[in-house]
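Just so it is clear, none of the values below were taken in a lab; they were calculated from the coordinates. None of these values were measured; they are calculated from a predicted model. Neighbour counts run over all protein chains shown; Cβ positions are idealised from the backbone, glycine included.
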There are 2 protein chains.
Amino acid sequence: MVDLQVYFLGTSGSVPTVERSLPSIAVKRKGEILLFDCGEGTQRQMIKAGLSPVRNTAIFITHMHGDHIFGLPGLIQTMSMMNRERRLMIFGPPGIGSFIRAVHETANLNSGFEVEIFEIKRSGVVYEDREYEIQACSNDHDIPGYAYALIEKPRPGRFYPEKAKRLGVPEGPLWSRLQRGETISLPDGRVITPEMVTGPKRRGRKIVYSGDTRPAENVVRLAKNADILIHEATLGDELRERADVEGHSTPSGAAEVALKAGVKKLVLTHISARYRDVTNLLLQARKVFPETEIAFDLMKIEVPLPKD
Amino acid sequence: MVDLQVYFLGTSGSVPTVERSLPSIAVKRKGEILLFDCGEGTQRQMIKAGLSPVRNTAIFITHMHGDHIFGLPGLIQTMSMMNRERRLMIFGPPGIGSFIRAVHETANLNSGFEVEIFEIKRSGVVYEDREYEIQACSNDHDIPGYAYALIEKPRPGRFYPEKAKRLGVPEGPLWSRLQRGETISLPDGRVITPEMVTGPKRRGRKIVYSGDTRPAENVVRLAKNADILIHEATLGDELRERADVEGHSTPSGAAEVALKAGVKKLVLTHISARYRDVTNLLLQARKVFPETEIAFDLMKIEVPLPKD
C-alpha cells in the first residue's frame, strides 16, 4: 500500500472557474496531512477529497496573494467547530501572521486550539519531522514567495538475514530492531550495528511545489531529482511575455525547470481561467518534458517508495 | 419574462458539505444583483450560477460569523481582477468595516474600485433605489444580527385607455408618460394626473431573508405578506432545545414564522451538515406551513409580478 499521496484540491490561478477551485495541494503521508497553499474553497475541497481538516498538521503558504490564503480563515474556523485540539502550524512569508491575527481580531475567529505561525525569513529547512523535512526556497514572483520541498530522510538499508545469522543474531525482536536502524547487544557482549547486517541507506521520496513563479534556478536546485515537481503554468507559451511581466511561468518554461532538475514527473497547476481545454498547454510542456501532466481538481497521485 | 430571481448560492450552515456551500443568496432584479451573506465559496457559486460579480451592486451581511463573511475578501479581489469600476456597497452589523479594512491592510487586497461600507446601527430602511428598498430588522441570534427584506415600491395602477380618450388625451407619448406615473399638460392647458386615468397603485414584490435566528416576532413583522420568506432551519425539530440554545431555528419554528406572517412561500436554508437527506426537515415544516421548500445549492426561484 502506498503511504504517500498528493491531492490537487484547487488548480486554478487567480480566479476560480466552474471546474477549478483556487490553489491548494494536500500531501497525505502515513495518515498525516500537509497543506500547501490554502485558496478560498480549500476546506470544501478537502471534504470532497475525503481529507479530514482535523488530521492536518501544518500549512505552508507560498506567498501573500489572496487566491492562495483566503481559505485559511474558514479552514481554521471549521477545525475549531470539529473540536480540534492539536495545534496547527502555519508557515509562510512575512505578513502571514498579521493577516491571520487581523482576521482573528475582527471576525469572531475563536479557535479552541493553538495556531502557531512561522514567518519564513530565508531559504532552508523550515520544518523537521522524524522521517522527513520541509525545505523552503525563494522563488521569483512579483511579490516575495517560496517554493517548498517535502524531502523524506533516507530509510534504513535492505536487511540481509544471512548476515545476521552468520553473526549469531537470533531471529525475532533483535532482527526488527536492527531493521529499524537500532544498534543491539548480544548476550555474549558483542555489539551489532545496523550497518553490519543491512545494505546502504535507501533514499526517500521528494515532492516539490513551485508556488507562483517565473522559471527559476532556485527552484531547479530545490527540485533536483524530485519524484514529482508541481509547477505553476498560469499562461500558455503564446503569452510568455505577459507571464514574465506578471511573474508567472508557461508550460514550456515549467518543463525546462523539470528537465534541468531531472525530476521523474512534472504536474502543471495554477491554470488561468481562460483555458478550459488544456490540450495545448500539455503539448507545449511535453515537447520539452514528456513526463508531464496537467492537474485537475481532486486529482490524486500516489507516490510509491523508490525500488532499490 | 420574470425579472426577479432568487439564487441559492450556498445553503449549508457553519461548515460546507459535498453538496452545500456556505451561506449566500443572490437576488437578480432587472439585471442588477444583490447578495445576501457571502460565505466562503460565494464567488465560485456565482460563476456556476452564471452571475457576474461585476453586476453586483450591494452585499447585505446578516451577522459577523465567519461562515457568512469569509467569501468577501475573495469576491472583492475577483471583482478587482475583472476590472470592476463601479463602487460596491456593503451593509452589515457593526464590525463589518473593521473586518474588511483588516483584510485590505494585511493581504494585498487592492480593489481598483470604491468599497463603501455601511454599518447598520438600528432596524429600518438601509438602502433605497428608485423602484425598491431594503429594510433591515434585528433578529435573534447569539450575536447581533439582521434579517433583510427587499420590498418593491408600488407600481403605477392599471391604465384605462377609455378614460384617457374621454379626457381628450391623444394616444401616443402622453399615454406612456401617464402610464409611468407622470402628470402631463394638454395643449388646452388642462392638467391630467395619472390617478385620473389609472386604477389604484399595484403592490410590488417582497422577499425576506431571516439570517441566523431563533423564530422571532421581529422577523414575523418584517415578513408580513412576503412573496418569499427565506428562513434558516439549522437543526431538525428533534434538536429544538439545542437550536434554541445556539440561536437557531428548526423547520417547524421557521414554519410558524411563515404562518404568522402570512407569506406565500417559505424556503428553508442554512441546513446543518448532519442532514444529508432533508425529507424529515421538510415534513416537519410542511405540517405547519405546507408551502415550504428546502433550498439546495444553485436552486433558482422566479418571482413573478403579482396578478392584479
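Estimated from helical segments only, the mean residue ellipticity of chain B at 222 nm is -7000 deg cm²/dmol, where each DSSP H run of four or more residues counts as -39500 (n - 2.57). Of all beta bridges that DSSP places with both ends in chain A, some 60 percent have antiparallel geometry. Comment: the Cα-to-Cβ extended label point of A:SER111, at 7 Å, lies 2.7 nm from its counterparts in the other copies, nearest first.
In chain B, a dipole from Cβ-located charges (positive for Lys and Arg, negative for Asp and Glu) runs towards its positive end, and of B:PRO16, B:ILE69, B:ALA285 it is B:ALA285 whose Cα lies farthest in that direction. Dipole size of the protein assembly as shown about its Cα centre, with +1 on Lys/Arg Cβ and -1 on Asp/Glu Cβ: approximately 940 debye, rounded to the nearest 20. Rounded to the nearest 10 degrees, the inclination of helix A:96-106 to the longest alpha-carbon principal axis of chain A is 70 degrees.
The charge dipole of region B:129-231, taken about the Cα centre with unit charges on the Cβ atoms of Lys, Arg (+1) and Asp, Glu (-1), comes to about 580 debye, rounded to the nearest 20. Given region B:47-158 reduced to its alpha-carbon atoms as identical point scatterers, what log10 I(q)/I(0) does the Debye formula return at q = 0.14 Å⁻¹? Debye intensities relative to I(0), on a log10 scale: -0.64.
In this label model, B:THR279 and B:GLU241 are separated by 2.8 nm, measuring between points 7 Å along each Cα→Cβ vector. Computed from Cα atoms alone, the Kirkwood hydrodynamic radius reported for region A:136-269 is 17.4 Å.
Of all chain B residues, the one whose Cβ lies closest to the rotation axis that maps B onto A, given with that distance rounded to whole Å, is B:ALA102, 2. Residue by residue along B:55-66, Cβ atoms of other protein chains within 10 Å of the local Cβ number 2 on average. Considered as an equivalent ellipsoid built on the Cα gyration tensor, chain B has semi-axes of 38, 25, 16 Å, the largest given first.
If both residues of a DSSP beta bridge must be in the protein assembly as shown, then about 60% of such bridges are antiparallel.
Just need log10 I(q)/I(0) for region A:1-93 at q = 0.10, 0.13 Å⁻¹, Debye formula, equal scatterers on the alpha-carbon atoms, no solvent, rounded to two decimals. Debye intensities relative to I(0), on a log10 scale: -0.22, -0.38. Shielding of peptide A:38-51 by partners, expressed as the average count of other chain Cβ atoms within 10 Å per residue Cβ, is 4.
Applying a threshold of 22 Å to the alpha-carbon distances of A:LYS201/A:LYS265; B:LYS201/B:LYS307; B:LYS28/B:LYS48 flags A:LYS201/A:LYS265 as lying beyond it.
When Rg and the Kirkwood radius Rh are both evaluated on Cα atoms of the protein assembly as shown, their ratio Rg/Rh stands at 1.11.
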